[in-house]
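Novice: Could you have a look at this structure, given as structure tokens, before my questions?
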Amino acid sequence: MRLAVNIDHIATLRNARGEQEPDPVAAALLAEKCGAAGIVCHLREDRRHIKDLDLARLRQAVTTKLDLEMAMTRELQQIALKTKPELITLVPEKREELTTEGGFDIARHFDVLTEYLKPFSAAGIEVSLFIEPEKKAIDLARQAGADMVELHTGLYALKENGEEQAKELQRIREAAVYARTLGLKVVAGHGLNYGNIAPFRDIAEIEEVSIGHAIIARAVMTGLEEAVKEMLRIIQENRS
Ligand code: PXP
């Protein structure tokens, strides 16, 4: 199974001070160097983390696969067609949410969506739809012209009861198998972390997982020790 790393929260941290560090592009290159198969970023309407310039720089730097998560707006369509990521992932977006809260409602937007996707296939950009792990959504994704579906694992991640989590995992597994029978590529993401990812290894139909928050949160903690020690080394060094 491949790993795509979402680097949005490197930008969140950078934006907290309005300065240049940490740089999401440097983080993307590091993730690629460590074996990530792709880099994911979400250019939100409010630009709360990734900014337009980040996206342009990521396009220049990323050599594996750039996946641009975006809402179905005209503005983002133009930006995506100009930037040419290898893949776009359409997600529902609400201004007030802290993160994407659920799958895309294809039934509600079917006609608009089908038209919206056409220029992407013409431009050779693959399209993924972030959906709930449900047959109906998968059928509609296929009919609308998507190449891929990203199955929403947020509910799975939230379940604390083992039995309920196993049930949700089974729903995801069945959805993955079904999507593959329709010829769709299948990835999964949202809320996946070091403690809940293991069962996904056994779902062969899921080719890739998209993970952001858990990896960036872990990186801060695992890197903190070295960062503190290095600062101490400098301030405690004998004066020259
Ligand atoms: N997939 C999609 C479609 C998302 O919107 C997000 C969050 O940006 C992720 C995956 C990654 O989720 P998390 O940060 O919880 O790993």
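Taken together, the values in this text are just the output of simple stated rules run on the coordinates, not laboratory data. All values derive from a computational prediction rather than experimental measurement. Glycine also receives a Cβ, built like all others from the backbone with ideal geometry; neighbour counts cover every protein chain displayed.
Novice: Answer with one residue from 64, 127, 106: the one whose Cα lies farthest towards the positive end of the charge dipole of the stretch 51-146, charges on Cβ with Lys, Arg +1 and Asp, Glu -1.
Specialist: 64
Novice: Oh, and also: Which entries in the list 65/229; 159/229; 51/136; 33/84; 51/135; 82/135 go over 30 Å, if you measure between the two C-alpha atoms of each? Kindly include the intermediate steps, with their values, before the conclusion.
Specialist: Numbers: 65/229 35 Å; 159/229 38 Å; 51/136 34 Å; 33/84 22 Å; 51/135 35 Å; 82/135 33 Å.
Violating the 30 Å Cα-Cα cut-off are 65/229; 159/229; 51/136; 51/135; 82/135.
Novice: Here's a follow-up. Can you check what the net charge comes to around residue 206, using other residues whose Cβ is under 11 Å from the Cβ of residue 206 (Lys, Arg +1; Asp, Glu -1)?
Specialist: Details: positive: 2, 173, 180, 185, 201; negative: 150, 202, 205, 207, 208.
Charge balance near residue 206 sits at 0.
Novice: Turning to a different aspect of this structure: Looking only at 224, 13, 169, which one moves most when the chain is put into a Gaussian network model with springs between Cα atoms under 10 Å?
Specialist: 224
Novice: Please check: in the Gaussian network model of the chain (C-alpha springs, under 10 Å), which one of 131, 172, 197 has the largest mean-square fluctuation.
Specialist: Judging by the Gaussian network model, the answer is 197.
Novice: What FRET efficiency do you get for residue 237 and residue 98 if R0 is 45 Å and r is their Cβ-Cβ distance, rounded to the nearest 0.05? Write down the numbers at each step before the final one.
Specialist: Details: r = 42 Å, r/R0 = 0.93.
Here the calculated transfer efficiency is 0.60.
Novice: Go through the stretch 156-166 residue by residue and turn each phi into a ³J(HN,Hα) via Karplus (6.51, -1.76, 1.60, θ = phi - 60°); whole Hz please, and just put x for glycine and proline.
Specialist: 4, 5, 7, 5, 9, 6, x, 5, 5, 5, 4
Novice: Between 37, 227, 122, find the one with the highest GNM mean-square fluctuation for the chain; connect C-alpha pairs within less than 10 Å.
Specialist: Evaluated over the chain, the most mobile residue of the options is 227.
Novice: Let me ask something else about it. If you take the C-alpha gyration tensor of the stretch 1-99, multiply each eigenvalue by 5 and take the square root, what semi-axes do you get, largest first, in whole Å? Provide the component values of the computation, followed by the final result.
Specialist: On the way: eigenvalues 73, 57, 31 Å².
Semi-axes, largest first: 19, 17, 13 Å.
Novice: Considering amide H positions built from the backbone, and no H for Pro or chain starts, which residues 5 or more places from residue 190, or on another chain, come under 5 Å of its amide H?
Specialist: Correct list: 153, 210.
Novice: Once you have the Kirkwood Rh of the chain from its Cα pairs, apply Stokes-Einstein at 37 °C and 0.692 mPa s and quote D in µm²/s.
Specialist: Numbers: Rh = 18.8 Å.
The diffusion coefficient I find is 175 µm²/s.
Novice: While we're on this one: Relative to the Cα centre, what is the charge dipole magnitude of the stretch 77-195, using +1 at the beta carbon of each Lys and Arg, -1 at the beta carbon of each Asp and Glu, and rounding to the nearest 20 debye? Show your work: numbers first, answer last.
Specialist: Values: 15 positive and 19 negative charges, 75 e Å.
Taking the Cα centre of the stretch 77-195 as origin, the dipole is about 360 debye.
Novice: OK, next. Just check the stretch 109-225 against the gyration tensor rule for me: Cα atoms, a ≥ b ≥ c as the square roots of the eigenvalues, rounded for a/c under 1.5, and otherwise prolate or oblate depending on whether a/b exceeds b/c.
Specialist: On the way: a/c = 2.39, a/b = 1.50, b/c = 1.60.
Verdict is oblate for the stretch 109-225.
Novice: With a cap of 15 neighbouring Cβ atoms within 10 Å, and only residues DSSP puts in a loop, list the trypsin sites (Lys or Arg not before Pro) found in the stretch 184-240. Don't skip to the end; give the middle numbers.
Specialist: Numbers: sites: 185, 201, 218, 229, 233, 239; in loops: 239.
Those satisfying the criteria are 239.
Novice: Let me ask something additional. Using unit Cβ charges (K, R positive; D, E negative) and no other charged atoms, how large, in debye to the nearest 20, is the dipole of the chain about its Cα centre? Before the final figure, lay out the partial values.
Specialist: On the way: 32 positive and 39 negative charges, 92 e Å.
In total the dipole reaches around 440 debye.
Novice: Just to confirm the filter: which GluC sites (Glu not before Pro) across the stretch 24-111 are DSSP coil and have at most 12 other Cβ within 10 angstrom of their Cβ? Write down the numbers at each step before the final one.
Specialist: Values: sites: 32, 45, 69, 75, 86, 93, 96, 97, 101; in loops: 45, 86, 93, 96, 97, 101.
Passing sites in the stretch 24-111 are 96, 97.
Novice: Taking 7 Å along the Cα-to-C-beta vector as the label spot, tell me the residue 21-residue 222 distance in nanometres, rounded to one decimal.
Specialist: Simple spin-label model gives 2.1 nm for this pair.
Novice: Using the Cα centre as the reference, give the magnitude of the dipole from point charges on the C-beta atoms of the stretch 47-94 (Lys, Arg: +1; Asp, Glu: -1; all else neutral), rounded to the nearest 20 debye.
Specialist: Dipole of the stretch 47-94, to the nearest 20 debye: 140 debye.
Novice: Pick out, from 148, 36, 238, the residue whose Cα sits farthest towards the positive end of the charge dipole of the chain, with +1 on the Cβ of Lys and Arg and -1 on the Cβ of Asp and Glu.
Specialist: Final value for the positive-end residue is 238.
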